[in-house]
Amino acid sequence: MLKGRLGLETARIPQVDRHGLMWLGRGNLLVEDGTLRFIAGGDDNLPPGEYLIPFQTVSCFVLGPGVTVSHDAMRIAARHGTGILFTGEGGVRLYASMPFGPDDSALARRQIRAWADPATRIRCVRRMYAWRLGEVLPDSDLDTLRGIEGARMRETYRLLTRQFGVKWDGRRYDRQNPEHDDRPNQAINHAATAVEAAAMVATAIAGAIPQIGFIHEASGISFCLDIADLYRDSVTLPVAFGAVREFERLRPPVFATLESVTRKLAGRTFRKQRLVSAMIDKIKELFDDDSDSDP
């Protein structure tokens, strides 16, 4: 961000030459003299003050809680292909996005080609499992791969519960009464929702198609669930068990819910690990031209 008038309203900068994401929270985003201005109230990422933003050098603005945006700012962003996403704190929810992805369809077309060809599709599945589990699994049958992953997850749960000192009686989820689950299971649900939101943000920015999943199939965000699962062991579960430990250490008069503790810890973890950017890189790598090679 720069001080001074930028005069970029009529310029055109290709997406390939832009510089990633800008996270903004608690302030007003508006236009003055053809320049995008952010009046920041101040948060963990940006001190209070007024900032003029070279918006055409940014791929996407991610707007968190406390941000208001003018109609003129939305108009200019849409005109120049600069994305704007509205999210929860730290990207733990995705509420709206515009425009949809970058200014070309190359990655989406690669995704469709990979999904439509059975051999390439299972290759993508094996690649995602290899990223997640740290080794290339020997089988190419999807049901078998899911079974191997399930067995590995049981061991992961055991190790993490010991690491965080949390009592664990097994994974349970009652969709009709999710609040009736024990604390670890509730926290896993909240953390998974947050990571799925981060994957939705990454998918929207990368220009992938959320409905076209490789491991997941039925959901309208199947591909987002595929990407979120890449971080189940490294982000979702550590956040969940860490939140349970943090919640159980709280003492009155500190009033907090397990969901709020989990969401805040997730947001801090996302920022520290630059999770959305990492997800975008994985999405692009999954559909690289060399994706026909072994995982």
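Just so you know, all these numbers are worked out from the coordinates, no wet-lab data involved. No experiment lies behind these values; they were computed from the predicted model shown. Using ideal geometry, Cβ is built from the backbone for each residue, glycine included, and neighbour counts are taken over all protein chains shown.
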Tell me, H71, H216, H190 in order of fewest to most beta-carbon neighbours within 10 Å? H71, H216, H190
I want to verify a result. In a Gaussian network model of the chain, Cα cutoff 10 Å, which of these has the top mean-square fluctuation: N28, N189, N45? N45
Would you kindly state the longest site-free stretch of the chain, with sites defined as GluC sites (Glu not before Pro) in a DSSP loop (not H, G, I, E, B) surrounded by at most 14 other Cβ atoms within 10 Å? 1-134
Per the rule of 0.36 nm per residue minus the C-alpha distance, extending A130 to D143 adds in nm 3.1 nm
In this structure, the FRET efficiency calculated for D117 and K272 from their beta-carbon separation, with R0 = 41 Å, to the nearest 0.05, is 0.60
Residue separation times 0.36 nm, minus the C-alpha to C-alpha distance between R75 and R109: what's the value? 9.5 nm
Note on the chain: contact order normalised by length, alpha-carbon pairs under 8 Å, 6 or more apart, percent, works out to 17 percent
Please list, ordered by chain and number, the residues whose modelled amide H lies under 5 Å from the amide H of R93; skip anything fewer than 5 residues away on the same chain. G88
Among F164, F270, F241, whose mean-square fluctuation peaks in a Gaussian network model of the chain (Cα, cutoff 10 Å)? F164
Checked segment 15-87 against the a/c 1.5 cut and the a/b vs b/c comparison, axes a ≥ b ≥ c from its Cα gyration tensor; verdict prolate
Among R79, R132, R268, which one shows the biggest mean-square fluctuation in a GNM of the chain, springs joining Cα atoms closer than 10 Å? R79
Going fewest to most other Cβ atoms within 10 Å around each Cβ, T57, T144 line up as T144, T57
